[in-house]
There are 2 protein chains.
Amino acid sequence: MSKNSVSTAVTKLLERLFYPMPGINAAPRLQYQSLGEEMPQSTKTAIMIIGGAEDKVHGREILHSFFVRSGATDAQIAIIPSASREPAVIGERYREIFTEMGAKGIEILDIQDRAQCEDPILQSYAKSCTGVFMTGGDQLRLCGLLADTPLMEFVRQRAQRGEITLAGTSAGAAVMGHYMIAGGGSGESPNRSLVDITTGLGIIPELLVDQHFHNRNRMARLMSAIAGHPDRFGIGIDEDTCSLFEGDGLLQVIGKGTVTIIDPKELTHTNWSHIGATDPLSIGNLRIHILVHGDCFNLHKRIPIHAHFDHA
Amino acid sequence: MSKNSVSTAVTKLLERLFYPMPGINAAPRLQYQSLGEEMPQSTKTAIMIIGGAEDKVHGREILHSFFVRSGATDAQIAIIPSASREPAVIGERYREIFTEMGAKGIEILDIQDRAQCEDPILQSYAKSCTGVFMTGGDQLRLCGLLADTPLMEFVRQRAQRGEITLAGTSAGAAVMGHYMIAGGGSGESPNRSLVDITTGLGIIPELLVDQHFHNRNRMARLMSAIAGHPDRFGIGIDEDTCSLFEGDGLLQVIGKGTVTIIDPKELTHTNWSHIGATDPLSIGNLRIHILVHGDCFNLHKRIPIHAHFDHA
């Protein structure tokens, strides 16, 4: 993450007092800071929730952040490709990427059976690795294989304690909350049948994650999900975009697209409990933030902190 | 509009004090009132903004509301099919529907040239009719033919004074605000190039209308539009759904789908003015309401008023 969004959060909050709506007032002396600048990257461990289709060829910004936060050339990376029906292929793809970057050790934990999660060798690697990467595929398959296994418990606890960096992309992102969107549709008025909700891996329980978000037009399904679970944050992550958490309650955005926050704290009404599965949903008072690279969101204070505008 | 949402607005506000989140608390004695009930329809004139694809065959609820509010069997209806490239076909379709309902007089104002808007016969009908219906098609074509013509000025002023009922569906809905969405895309992170904005007919200037809304996944484009025009309300109307205005600042919803209100009053930030056309948009603090049949929204107070929950 850039220095803009992490280390100067307080500065930016002060700036907001002076320029509460810089985009609207369009003060000409404010200039958006180029995202192309090279800035030193934090090496702190993090939980990285990636919206799928992250760049694997060119800048590889998100994957490189994972590599750096896993220890860079000291990284011992575990790749969990179990969401995929072609785990060997997808596992090798990521192995090549992290090998090229210079990771010290890489193991593919090709779990295709829950019993493997009892394997002492796998457990030992889960205890000693510095970064875990969960690939895309089918989130129901991933949860079916990993949920409530000793292996996953090690990973979850170590990630929550900040001992490792844990990343998940696409299906690997979907599993991050206590509740998980298993599937759904688009092109309809918000309604209960538009989204299938089940239980995830509970890495950051308060989140209800959706991925490939605006790319696959999933706004209506995430709003529908939140109407039924208004004690969660809806987090919609676009492709090649990442919500990064350092354990301090601050979500940081990196990548090309947007992260959409649906905050139902002030919800005054929903008909969720009173209607049929395909009836249209009524929802009063959702608060929504669209965040881009460099923006943050404070989950405790429920406020967005936007990227730096330079004084030209 | 049903008695629930109009005449008992105060009662409902009081109810909200007692049951601030009925959908969440799910008090079992609350029951959603059937929408199928036959209730007397208001005959007051209105401006009706229809999300397209309104039912023309079965219940015809929205078109029947237009007919009743135009005077029912005393209605003198003007159909403006000018958005369409097949104005004769679409004009006849609506003529048949309103004839079947029993309208006293129906004229198709088949305007294909701005000069026709100077025609004293057409102007005379625009002055004497009781209801005007603008069909779907291309909103740019409709505005190109009608904007700032004497004919349209009669229609606009008479609608705003409550002398006639004015309805527009699809393209006929898009033109209702001062600003108009002329086109756009979906399946992308919100960005400025996702929406083309031009000038509409200014019937209800404070609205920025989008139609076929959730059906065509237009949430990102309307949010993008509002980021650039935060002094408007974003109103996204689903198909076979209508936002009805009686001139008292109350929007009422009728029909099968939802009406989405994007209220940017509390917007704290957008990068709209600082970024390139295809860069992702950052937007802080949008308030969003999803409304269904029977729900209202008070444009002055900026609060939703939700449909009645019966005490079982």
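Only a single criterion out of (1) over 18 Å from B:GLY168 (Cβ atoms); (2) at the interface with chain A (Cβ under 10 Å from one of its Cβ atoms); (3) in contact with a helix residue (DSSP H, G or I) (Cβ under 8 Å, 6 or more places away or on another chain); (4) not small (Gly, Ala, Ser) is not satisfied by B:THR278, namely (2).
If you go through segment A:38-88 and pick out every residue that is assigned to a loop (DSSP other than H, G, I, E, B), farther than 25 Å from A:LEU146 by Cα and either among the hydroxyl-bearing types (Ser, Thr, Tyr) or without any contact (Cβ under 8 Å) to a residue 12 or more places away in the chain (or both), you end up with 6. Listed residues A:ILE164, A:ILE204, A:ILE181, A:ILE197; which is more than 24 Å from A:LYS265 (Cα to Cα) and either in contact with a helix residue (DSSP H, G or I) (Cβ under 9 Å, 6 or more places away or on another chain) or more than 13 Å from every other protein chain (Cβ to nearest Cβ) (or both)? Of the residues listed, the single one that is more than 24 Å from A:LYS265 (Cα to Cα) and either in contact with a helix residue (DSSP H, G or I) (Cβ under 9 Å, 6 or more places away or on another chain) or more than 13 Å from every other protein chain (Cβ to nearest Cβ) (or both) is A:ILE164.
Taken as a whole, the condition of being of a type in the set (Ser, Thr, Tyr) and at pLDDT below 95 applies to A:SER34. Taken together, the residues in segment B:240-259 that are in contact with a Phe, Trp or Tyr (Cβ under 6 Å, 6 or more places away or on another chain) and at the interface with another protein chain (Cβ under 9 Å from one of its Cβ atoms) amount to 0.
Per-residue answers, yes or no, for (1) touching a Leu at 6+ places or on another chain (Cβ under 9 Å); (2) outside any helix (DSSP H, G or I); (3) more than 19 Å from B:ILE237 (Cβ to Cβ):
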position: B:PHE133; (1), (2), (3): yes, yes, no
position: B:GLY137; (1), (2), (3): no, yes, no
position: B:ARG141; (1), (2), (3): no, no, yes
position: B:LEU145; (1), (2), (3): no, no, yes
position: B:ARG158; (1), (2), (3): yes, no, yes
position: B:GLU163; (1), (2), (3): no, yes, yes
position: B:LEU166; (1), (2), (3): no, yes, no
position: B:ALA173; (1), (2), (3): no, no, no
position: B:ALA182; (1), (2), (3): yes, yes, no
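Consider A:SER124 carefully, then state whether it is of a type in the set (Gly, Ala, Ser), more than 22 Å from the chain's Cα centre (by Cα) and either surrounded by fewer than 17 Cβ atoms within 10 Å (Cβ to Cβ) or in a helix (DSSP H, G or I) (or both). The answer is yes for A:SER124. Here is the figure for segment A:229-259: residues that are over 13 Å from A:LEU299 (Cα atoms), outside any loop (DSSP other than H, G, I, E, B) and in contact with a helix residue (DSSP H, G or I) (Cβ under 7 Å, 6 or more places away or on another chain) total 5. Among the residues making up segment A:284-306, those that are surrounded by 23 or more Cβ atoms within 10 Å (Cβ to Cβ) and either in contact with a His (Cβ under 7 Å, 6 or more places away or on another chain) or farther than 18 Å from B:LEU286 by Cβ (or both) are A:GLY284, A:HIS293, A:GLY294, A:ASP295, A:PHE297, A:PRO304, A:HIS306.
Count of segment A:127-153 residues, restricted to those that are farther than 17 Å from A:LEU63 by Cβ, among the polar types (S, T, N, Q) and either within 19 Å of the chain's Cα centre (by Cα) or crowded, with 23+ Cβ neighbours inside 10 Å (or both), is 1.
Scanning segment A:184-218 for residues that are of a type in the set (A, V, I, L, M, F, W, C) and either at pLDDT below 95 or assigned to a loop (DSSP other than H, G, I, E, B) (or both) gives A:LEU201, A:ILE203, A:ILE204, A:PHE213. If you filter segment A:208-239 down to residues that are closer than 22 Å to A:THR165 by Cβ and surrounded by fewer than 24 Cβ atoms within 10 Å (Cβ to Cβ), you find that the one that is farthest from the other protein chains (Cβ to nearest Cβ) is A:PHE233. Out of all the residues in segment A:294-309, is one or more more than 24 Å from the chain's Cα centre (by Cα) and in contact (Cβ under 8 Å) with a residue 60 or more places away in the chain? Yes, because at least one residue in segment A:294-309 is more than 24 Å from the chain's Cα centre (by Cα) and in contact (Cβ under 8 Å) with a residue 60 or more places away in the chain.
The values are calculated or read from the model by the stated rules, or taken from the named source; none is laboratory data. Computed from a prediction, not measured in an experiment: that's the story for all the values here. Every residue, glycine as well, gets a Cβ built from its backbone with ideal geometry; the counts of neighbours run over all protein chains shown.
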